[in-house]
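Asker: Would you mind keeping the following structure in view while I ask a few things?
The values are calculated or read from the model by the stated rules, or taken from the named source; none is laboratory data. Please read all numbers here as calculations on a predicted model, not as lab measurements. Here the Cβ positions follow ideal geometry from the backbone for every residue, glycine too, while neighbour counts run over all protein chains shown. Side chains are part of the model used for accessible areas, which takes the heavy atoms of the whole protein and leaves out ligands, DNA and RNA. Shrake-Rupley method; radii C 1.70, N 1.55, O 1.52, S 1.80 Å.
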Amino acid sequence: QVQLVESGGGLVQAGGSLRLSCAASVGTFGRAMGWFRQAPGKEREFVAAIHWSGSSTQYADSVKGRFTISRDNAKNTVYLQMNSLKPEDTAVYYCARSGSIWTLPLSDNEYDYWGQGTQVTVSS
């Protein structure tokens with residue numbers, strides 16, 4: 001059973017930074033990892049994804065240039081560095097593991113394991 005545990009969320013002022021981490025217990029070999037978020041009253045949305053190799057990444061337009069996804073396969077950990085945070089970035093952030101290998105999916109229905117989420121709140 002794969003377990004994903006996020007950490008690093010919190011309260012930050014607009015313009016500030018946070019770094020989220022997602023540690024996987026096992027089973028990330030060959031798998032892309034993604035970050036998604038869900039704000040109150042809204043649908044869950046894609047934020048960023050990174051290929052197993054780390055050489056390819058994808059970002060939502062709303063976070064391009066501000067967020068950076070990375071991974072350390074030796075530690076089974078994926079990161080999301082969030083800079084220049086805005087109040088509209090407030091949400092619960094989830095990491096997820098791709099359900100297939102050697103791909104880089106952007107849709108949440110292509111991910112099979114999810115973390116419990118970590119709250120990010122950006123005050124204005």
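Asker: Using a 1.4 Å probe on the protein heavy atoms, what percent of the accessible area of the range 1-119 belongs to carbon and sulfur?
Answerer: Roughly 47 percent of what the probe reaches on the range 1-119 is carbon or sulfur.
Asker: Check cross-link reach from LYS86 to the lysines: straight Cα distance under 23 Å, and skip same-chain residues fewer than eight apart.
Answerer: Here the lysines satisfying the reach criterion relative to LYS86 are LYS42, LYS64.
Asker: With a Förster radius of 35 Å, plug the Cβ-Cβ distance of LYS64 and VAL2 into 1/(1 + (r/R0)^6) and report the FRET value to the nearest 0.05.
Answerer: Given R0 = 35 Å and the Cβ-Cβ separation, E is 0.75.
Asker: Something else now. When the chain is treated as a GNM, springs tying every alpha-carbon pair under 10 Å, which of GLY41, GLY15, GLY65 comes out with the largest mean-square fluctuation?
Answerer: Looking only at GLY41, GLY15, GLY65, the biggest GNM fluctuation is shown by GLY41.
Asker: How many Å² of accessible area per residue for the range 35-124, probe 1.4 Å?
Answerer: 50 Å²
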